[in-house]
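The values are calculated or read from the model by the stated rules, or taken from the named source; none is laboratory data. Treat the numbers as computed from the prediction; the structure is a model and nothing was measured. No Cβ is skipped: glycine too gets one built from the backbone with ideal geometry, and neighbour counts run over all protein chains shown. The area values use the complete protein model at the heavy-atom level, side chains included, leaving out ligands, DNA and RNA. Shrake-Rupley method; radii C 1.70, N 1.55, O 1.52, S 1.80 Å.
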Amino acid sequence: MKKVAVIQSNYLPWKGYFDIINDVDTFIFYDDVQYTKNDWRNRNKLKSSTGTIWITVPTGANLSRLICEVEVQNNGWQRKHWKMIENLYSRAPYFKQYRDFFQDFYLGNTWQNLSQLNQTLIIKIARDFLGISTRFEDSRDYSLQGRQVERLLDLLQKVDADIYISGPSAKAYIKNEERFLESKMTLQYKDYTGYPEYTQLYPPFSHEVSILDVLFNCGPHAQSYIWGWREKSKSRYISSRYSAFTSGLV
């Protein structure tokens, strides 16, 4: 059964985004859709001593664009973002492990297109830092028909999806769920509850921050706080049930 997720690219997305990537066989960037202002496409949150703060890529005020058409305003933002990241996380246990990549990403390149910037970061973090083997594709490689849900279904059918995994916020967008059944496709909504806490530099703990927070604070153990904890919980449950059974309690 082929599992597929289709999501717009985000800037330095939170751990739940990578949780979905790890869940599926194929992850498709859906960037040939309308760009939305004050959304996750060009900004995210970092943890600071005063709480969570926004880190935002300047993209201008024009909303008559697709995400893949958004050009980045090169006004020194890359250096500012790197300095912000460095100042906030240089004391994190695993910051040095990832420093060279992110420093080069911000200071060694000139990013002009938001979609290219986002996708490059996401794929690098997923494959090289989190060890995810999911296949990445781009919706622009398909000639899609229809609008909204029909367009999404057309894409899913063209990649031979059996199961579509969506973020829970898409419930407001997918108003005709029976169309998935008619297309012989299973629709599943991702459950983001239950993520365990880890040691953050600046208490109190916040889940709604960029993946950078997990990487810099947890390093090679980051998977355990994104999806690995479910596997451990399942193993403990099976073990406890087996113990109860052998003890004659069930």
Q: Please tell me which of these pairs span more than 28 angstrom C-alpha to C-alpha: Lys15/Lys80; Lys80/Lys171; Lys2/Lys190; Lys80/Lys190; Lys47/Lys96?
A: Lys80/Lys171; Lys80/Lys190
Q: State which stretch of the chain is the longest one without any exposed trypsin sites (Lys or Arg not before Pro), exposure meaning a DSSP loop state and at most 15 other Cβ atoms within 10 Å.
A: 185-250
Q. Could you give the dipole magnitude of the stretch 59-162 about its Cα centre, charging the beta-carbon of Lys and Arg +1 and that of Asp and Glu -1, in debye to the nearest 20?
A. 540 debye
**Q.** Furthest towards positive pole of dipole, Leu130, Tyr225, Thr110, structure part the chain, Cβ charges
**A.** Tyr225
Q: Please report, to two decimal places, log10 I(q)/I(0) for the chain at q = 0.10 Å⁻¹ as given by the Debye formula with identical point scatterers on the Cα atoms and no solvent.
A: -0.55
Q | Surface share of carbon and sulfur [accessible, 1.4 angstrom probe, percent] for the stretch 1-72 | A | 47 percent
**Q.** Solvent-accessible heavy-atom area per residue, rounded to whole Å², over the chain at 1.4 Å
**A.** 51 Å²
Q) If Lys and Arg each add +1 and Asp and Glu each add -1, what is the summed charge of the other residues whose beta carbon sits under 10 Å from the beta carbon of Asp162? A) +1
Q. Using +1 on the beta carbon of Lys and Arg, -1 on that of Asp and Glu, and nothing else charged, what's the dipole of the stretch 133-217 about the Cα centre, debye to 20?
A. 240 debye
Q. Taking the Cα centre of the chain as origin and charging only Cβ (+1 Lys, Arg; -1 Asp, Glu), how large is the dipole, in debye to the nearest 20?
A. 640 debye
Q: Can you check what the net charge comes to around Ala92, using other residues whose Cβ is under 13 Å from the Cβ of Ala92 (Lys, Arg +1; Asp, Glu -1)?
A: +2
Q) Can you list the residues, at least 5 places off or on another chain, whose amide H is less than 5 Å from the amide H of Leu187, using H built in the peptide plane? A) Tyr164
